[in-house]
1. Once the convex hull of the C-alpha atoms of the range 1-67 is built, how many Å³ does it hold per residue, rounded to a whole number?
2. Taking +1 at the Cβ of each Lys and Arg and -1 at the Cβ of each Asp and Glu, which of Asn61, Ile27, Pro8 sits farthest along the dipole of the range 1-68 towards its positive end, judged by Cα position relative to the Cα centre?
3. Could you calculate the FRET efficiency of Ala34 with Glu13 from 1/(1 + (r/R0)^6), where r is the beta carbon distance between them and R0 is 22 Å, rounded to 0.05?
4. Using θ = phi - 60° and the Karplus form 6.51 cos²θ - 1.76 cosθ + 1.60, what ³J(HN,Hα) does each residue of the range 63-71 get, whole Hz, x for Gly and Pro?
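Each value in this text was obtained by applying a stated rule to the coordinates, not by laboratory testing. Only a predicted model underlies this, so the values are computations on that prediction, with no experimental measurement involved. Cβ placement follows ideal geometry from the backbone for every residue including glycine, while neighbour counts extend to all protein chains displayed.
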Amino acid sequence: MNDEPKSPAEMKELRLHRKRTQEVEGIKAMAEIAAADIAIRKRTEKLRALRLAKEAADLANPPEPKAKPKTKAKAAKKADAK
């Protein structure tokens, strides 16, 4: 880099250029954040719809209760009692 002192006009121009660059980068960053937010909202909406559809299907067709198998110990005790 050039180490010699710059004139006030050159310094002002550098500050303005830096400020404009920061503004442009800020606008780009905000646009990226907004796009990511929209994508997240769309995915959330889709997943919510799928979850609600599954819950409705589960309520319409409840699973059959499983019959509990008898344990061997209880069956042996009942046989001995007779």
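1. Convex hull of Cα atoms, per residue: 122 Å³.
2. Farthest towards the positive pole: Asn61.
3. Efficiency computed from Cβ-Cβ geometry: 0.10.
4. x, 6, x, 7, 6, 7, x, 6, 7
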